[in-house]
1. Considering only residues that are away from ligand 1 (no atom under 13 Å from the Cβ) and touching a residue at least 40 places away in the same chain (Cβ under 8 Å), which ones fall in the range 300-313?
2. Do you know which residues across the range 243-273 are among the aliphatic types (A, V, I, L, M) and closer than 30 Å to G307 by Cα?
3. Report, by residue number, each residue of the range 265-294 that is crowded, with 21+ Cβ neighbours inside 10 Å and within 13 Å of ligand 1 (Cβ to nearest atom).
4. Looking only at residues in the range 127-177 that are out of contact with any strand residue (DSSP E or B) (no Cβ under 6 Å at 6 or more places or on another chain), more than 13 Å from ligand 2 (Cβ to nearest atom) and among the β-branched types (V, I, T), which one is modelled with the highest pLDDT?
5. Would you confirm whether any residue within the range 236-251 is touching a residue at least 60 places away in the same chain (Cβ under 8 Å) and under 28 Å from A316 (Cβ atoms)?
6. Do we have any residue at all in the range 65-73 that's in contact (Cβ under 8 Å) with a residue 12 or more places away in the chain, of a type in the set (A, V, I, L, M) and surrounded by fewer than 18 Cβ atoms within 10 Å (Cβ to Cβ)?
7. Exactly one of (1) over 26 Å from V65 (Cβ atoms); (2) modelled with pLDDT of 95 or more is unmet by A330. Its number?
8. Just to be sure, is D190 outside the structural domain of A347 (by TED's automatic domain parsing), surrounded by 18 or more Cβ atoms within 10 Å (Cβ to Cβ) and among the charged types (D, E, K, R)?
Amino acid sequence: MIIFGMESSCDDTAAAVLDVNHTESGNEYRLLSNIVSSQTAIHAEYGGVVPEIASRAHAEQVSAVAAEAMKKAGITHSDIDAVAVTFAPGLIGSLLVGVSYAKALASALDVPLIPVNHIEAHASAAYLEYPELPESFLALIVSGGHTSFYDVKDHVFTEIGGSRDDAAGEAFDKVGRVMGLPYPGGAAMDRLAAAGFERDDWKAIKFPSPAMNDGTLEFSFSGLKTAVINHIHKTVQRSEAATGADLPLNVKEDIAAAFTAITVKGICAKLEEAVISNNYTHIVLAGGVAANSHLRGAAEELCLRLGVKLCAPSLALCGDNGAMTAAAGAALYRQGVIADSRMNAFASDEGAMGYLAELRSRLDGSRHKNGL
Ligand code: KG4
Ligand code: ZN
């Protein structure tokens, strides 16, 4: 079965072609293409994603990206058996471009349209690379919009914790901006921190942990973000630099290292609590911030110590892409979760969960309606 996956929830226009074969022991996947057209350069001069510009750029790119995905996969329209599209959460104008394109494509080809939640898609990237992943696992999604834990059972996601305010990626990007890093700052911060960790100076800088110390699986990144930004401003005042961007490289490296260390420590502390809370055997760590080398390393060490398997998608599948949308689509299709003609885009997670729950509630007792 060929699933065409489309993603346009933020600033990446992405499409992928996934060949899925259902066997007795689970799904086998062949990723035939995975094309991502990033708008990073367009938004960089504004220091963040400008929603109106993002929607327009998606509209300009979507047809070419879809055509490229089909060409690279060596398929034509008639080979597509289902279309999966991110319908929430995200920027509403951006989502609407992908949803409208996917609706038109599915309708023209008379194939099922599968509504995919972006957060669930991030976790589903692991299906493609970890065939041993059982039906029940713990997912930790760390991205520009989320830092959330999900208990996953047969591709049904239940949030069991997360950030009360900002997401980890947002904190990386805001701190990066104050230090003059190009948007989005996460990857550059990763490299700066690596250099800082080579020395011990960063250890003298103390920031508050993002992990809530109240027995919940919750985080707060806004306090940490503000503390780091205040620290940068104070350091600027005490130096000859005019802005955070002008601070000496070693000073920036130490701040990046201290910020990264407390972030990783806080996330791993809650990850450990979450794993122990429900005796999980497999952990999916996904989303753009899951590309962070320090977080991956610490999560790997933690999982080794706890005797559980860490399933973190490869770097290319951590950021937004259409392959993860198609992978989530395959799971939903198998359960019979197919969009109806009223399908719409939703900016919020609640809207997405509500629509998916409604579609699921209409299914008759047989979970695996489709033969995939
Ligand atoms: O999942 P994603 O591509 O988009 C959302 O769904 O939000 O995540 C984007 C976020 C940005 O905040 C970016 O700075 C961050 O992922 N990111 C990183 C790294 N690579 C990307 N954060 C920390 N370290 C990285 N290496
Ligand atoms: Zn994302």
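The values are calculated or read from the model by the stated rules, or taken from the named source; none is laboratory data. As the structure is a prediction and not an experimental result, all values here were calculated from the model. Please note: Cβ atoms are built from the backbone with ideal geometry, for glycine as well, and neighbour counts cover all protein chains shown.
1. Here is the first cut: in the range 300-313, the ones away from ligand 1 (no atom under 13 Å from the Cβ) are 300-311.
Within the range 300-313, K309, C311 meet the criteria.
2. Going through the range 243-273, the residues among the aliphatic types (A, V, I, L, M) turn out to be 245, 247, 249, 251, 255-258, 261-262, 264, 267, 269, 271.
A257, A258, A261, I262, V264, I267, A269, L271 - these are the residues of the range 243-273 that are among the aliphatic types (A, V, I, L, M) and closer than 30 Å to G307 by Cα.
3. I267, L285, A286, G287, G288, V289, A290, A291, N292
4. V175
5. The initial filter retains those residues of the range 236-251 that are touching a residue at least 60 places away in the same chain (Cβ under 8 Å), namely 243-247.
When the remaining residues are screened for being under 28 Å from A316 (Cβ atoms), the result is none.
Checked against the condition, which is being touching a residue at least 60 places away in the same chain (Cβ under 8 Å) and under 28 Å from A316 (Cβ atoms), the range 236-251 yields no hits at all.
6. No, that holds for no residue.
7. Single failed check for A330: (1).
8. Numbers: outside the structural domain of A347 (by TED's automatic domain parsing): yes; surrounded by 18 or more Cβ atoms within 10 Å (Cβ to Cβ): yes; among the charged types (D, E, K, R): yes.
Yes.
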